[in-house]
1. Kindly indicate whether any position in segment 188-198 is open to solvent by less than 30 Å² (accessible area, probe 1.4 Å), out of contact with any Asp or Glu (no Cβ under 9 Å at 6 or more places or on another chain) and not in a strand (DSSP E or B).
2. Determine whether segment 120-143 contains at least one residue that is under 12 Å from GLU59 (Cα atoms) and more than 14 Å from the chain's Cα centre (by Cα).
3. Would you call GLU117 open to solvent by 30 Å² or more (accessible area, probe 1.4 Å), assigned to a loop (DSSP other than H, G, I, E, B) and over 20 Å from SER39 (Cα atoms)?
4. For segment 69-79, check the following and say yes or no: at least one residue is charged (D, E, K, R), in contact with a Gly (Cβ under 7 Å, 6 or more places away or on another chain) and not in a loop (DSSP other than H, G, I, E, B).
5. For segment 129-141, state whether one or more residues are surrounded by fewer than 14 Cβ atoms within 10 Å (Cβ to Cβ) and either touching a Leu at 6+ places or on another chain (Cβ under 9 Å) or assigned to a strand (DSSP E or B) (or both).
6. Could you give me the residue pairs with C-beta distances under 7 Å whose first residue belongs to segment 94-109 and is closer than 14 Å to GLU69 by Cβ and at pLDDT 95 or above, whose second residue is among the acidic types (Asp, Glu) and assigned to a helix (DSSP H, G or I) wherever it lies, and which are 6+ apart or on separate chains?
7. Can you work out which of the residues in segment 81-105 that are farther than 18 Å from SER38 by Cβ and out of contact with any helix residue (DSSP H, G or I) (no Cβ under 6 Å at 6 or more places or on another chain) is surrounded by the fewest Cβ atoms within 10 Å (Cβ to Cβ)?
8. Out of all the residues in segment 66-80, which are crowded, with 24+ Cβ neighbours inside 10 Å and either of a type in the set (D, E, K, R) or touching an Asp or Glu at 6+ places or on another chain (Cβ under 9 Å) (or both)?
Amino acid sequence: MKIASPLRRPHDRAKSHFGLFLGQMLQRPGRIAAVSPSSAALARRMTMGLSPETGAVVELGSGTGKITEAILARGVPPERLALFETNRVFAKLLQRRFPGVQVLRLDAVEIEQAPLEDVGAVVSGLPLLSIPTPVQRRIVEGAFRLMRPGGGFVQFTYGWRPPVDRPVREALGLDWEVSPWVWANVPPARVYTFRRLA
């Protein structure tokens, strides 16, 4: 008699999370703009600058937790990480997967309600370019008010231009660095890290 192992292999978990993601995308096409969860390669690139010395971290639009996994792998303590995820199904999954991490079912415009001090980075999985400019400004401006001086707002994009609209960049005095293309993602993406000019 064959007994199934109670432990899922990483590949099986990834397939399960993709199925969950696809189901939510089909049910809520206006709320989930990505065509698939972020790849491990993109998650590593987005978290490249993080370490235990970063301070607290906020993640926006955590989805199934691919980027969350990478943030924790960089040594950020779970109690120093807050996730903003409005999708009820994803939020429950995140709570199960990452005990000790604070999962908040709040919209990203409420980022300043994150119950953390000494925030050094905000990592965003939001479809920022599809968000109206005034709302985008509320999110990004709130992130910089929450972060300590020198903090970075990390955002990926599938496009060629910066994922924060020009009026927002100019109003907030943002500078940025951009990564090479991450080809091991569907679709390929680049990562921007925005900081306020001194």
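1. No, segment 188-198 contains no residue that is open to solvent by less than 30 Å² (accessible area, probe 1.4 Å), out of contact with any Asp or Glu (no Cβ under 9 Å at 6 or more places or on another chain) and not in a strand (DSSP E or B).
2. Yes, because at least one residue in segment 120-143 is under 12 Å from GLU59 (Cα atoms) and more than 14 Å from the chain's Cα centre (by Cα).
3. Here the answer is yes, as GLU117 does meet what is asked.
4. The answer is yes, given that some residue of segment 69-79 is charged (D, E, K, R), in contact with a Gly (Cβ under 7 Å, 6 or more places away or on another chain) and not in a loop (DSSP other than H, G, I, E, B).
5. No, segment 129-141 contains no residue that is surrounded by fewer than 14 Cβ atoms within 10 Å (Cβ to Cβ) and either touching a Leu at 6+ places or on another chain (Cβ under 9 Å) or assigned to a strand (DSSP E or B) (or both).
6. Between residues of segment 94-109 that are closer than 14 Å to GLU69 by Cβ and at pLDDT 95 or above and residues that are among the acidic types (Asp, Glu) and assigned to a helix (DSSP H, G or I), the close pairs are GLY100/GLU79.
7. Checking each candidate, the answer is PRO99.
8. Selection gives ILE67, THR68, ILE71.
The values are calculated or read from the model by the stated rules, or taken from the named source; none is laboratory data. All values reported here derive from a predicted model rather than from experimental measurement. Ideal geometry is used to build each Cβ from the backbone, glycine not excepted, and the neighbour counts take in all protein chains shown. Side chains are part of the model used for accessible areas, which takes the heavy atoms of the whole protein and leaves out ligands, DNA and RNA. Shrake-Rupley method; radii C 1.70, N 1.55, O 1.52, S 1.80 Å.
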